[in-house]
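The values are calculated or read from the model by the stated rules, or taken from the named source; none is laboratory data. Small disclaimer: the values here were computed from a predicted structure and weren't measured. Every residue, glycine as well, gets a Cβ built from its backbone with ideal geometry; the counts of neighbours run over all protein chains shown. Calculation scope for accessible area: heavy atoms of the full protein, side chains included, ligands and nucleic acids excluded. Shrake-Rupley method; radii C 1.70, N 1.55, O 1.52, S 1.80 Å.
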Amino acid sequence: MTGPDATPSGGLRVVLAEDSGILRDGLVALLARRGHEVTAVPDGETLEREVLLLARESTLPDVVVADIRMPPTFTDEGLRTVVALREQFPGLPVLLFSQYVETRYAGTLLQGDARAVGYLLKDRVVDVGEFVQALARVARGETVLDPEVVSQLMGASDRDAGRARLSGREREVLELIAQGRSNGGIAERLFLSQGAVEKNVAAIFQKLDLPYDAADNRRVLAVLRYLGT
């Protein structure tokens, strides 16, 4: 298999938690047609049980996809399960696929290491390829956030002095970093040269007082600081 949603082994091992039978079956068929191996469950409790079973068999999934609101209370079962799984298996790739923007839930998930975390809104994913590519990016360890999620998480960002020092352009660049875009992708989106983007990124790191580390780590830290988590 080739293409942006492919992995070296030809497909991803996916565990999917979704209470809507129609959507669950549709996602399973969609991913299976692209060569991915999918195990689908209807709630958070079964999701946790399935992942723990795979862990005992030394075959953790490449990515977990979960709705936030699932039975029995339809509040935060999916999110709590995902957080618990990340605590047990640090770095486990997870993608929240929800109808709602739940800022406090997203903040909980993004605390600590935000790599290999995604949050997409069901109503805003209209292209099948977009969803599959996001799944592959999360499995590779990237952070993928829907722009609407980013916008709402940024609502109170100016409370932090470092964030308040950012220029308008730097805020634009950081918002795109939060969406998981590379420097090249940011340059294309904002019609800037790659060098100009790199200067903005360097200024962001300086204004947010982020210590020198691997660039990817500082990008994640910048996102977390900006989102107030």
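Quick check: anything in segment 206-226 buried (at least 19 other Cβ atoms within 10 Å of the Cβ), in contact with an Asp or Glu (Cβ under 6 Å, 6 or more places away or on another chain), at pLDDT 70 or above and in a helix (DSSP H, G or I)? The answer is no; no qualifying residue exists.
Counting just the residues of segment 170-205 that are among the small types (G, A, S) and assigned to a loop (DSSP other than H, G, I, E, B), which one comes out modelled with the lowest pLDDT? Only one residue fits best here, namely G180. Beta carbons closer than 9 Å, at least 6 apart along the sequence or on distinct chains, pair a first residue in segment 125-145 that is without any contact (Cβ under 8 Å) to a residue 60 or more places away in the chain with a second that is polar (S, T, N, Q) and buried (at least 20 other Cβ atoms within 10 Å of the Cβ) for R137/T143. Exactly one residue out of V126, V150, V144, V63 is under 22 Å from L23 (Cβ atoms), aliphatic (A, V, I, L, M), in contact with a helix residue (DSSP H, G or I) (Cβ under 8 Å, 6 or more places away or on another chain) and at pLDDT below 90, and it is V144.
On the stretch given as segment 67-103, residues that are part of a loop (DSSP other than H, G, I, E, B), of a type in the set (V, I, T) and in contact with a Lys or Arg (Cβ under 7 Å, 6 or more places away or on another chain) total 1.
Listed conditions (1) open to solvent by 10 Å² or more (accessible area, probe 1.4 Å); (2) under 25 Å from E102 (Cβ atoms); (3) in contact with a strand residue (DSSP E or B) (Cβ under 8 Å, 6 or more places away or on another chain); (4) part of a helix (DSSP H, G or I) are all met by L23, apart from (3). Note on segment 34-53: residues that are open to solvent by less than 30 Å² (accessible area, probe 1.4 Å) and not β-branched (V, I, T) total 3.
Name the residues in segment 54-66 that are surrounded by fewer than 24 Cβ atoms within 10 Å (Cβ to Cβ) and assigned to a loop (DSSP other than H, G, I, E, B), would you? Passing the criteria: E57, S58, T59, L60, D62. Scanning segment 95-118 for residues that are within 25 Å of G26 (Cβ to Cβ), under 11 Å from the mean Cα position of the chain (by Cα) and either at pLDDT 90 or above or open to solvent by 30 Å² or more (accessible area, probe 1.4 Å) (or both) turns up L95, L96, F97, A116, V117, G118.
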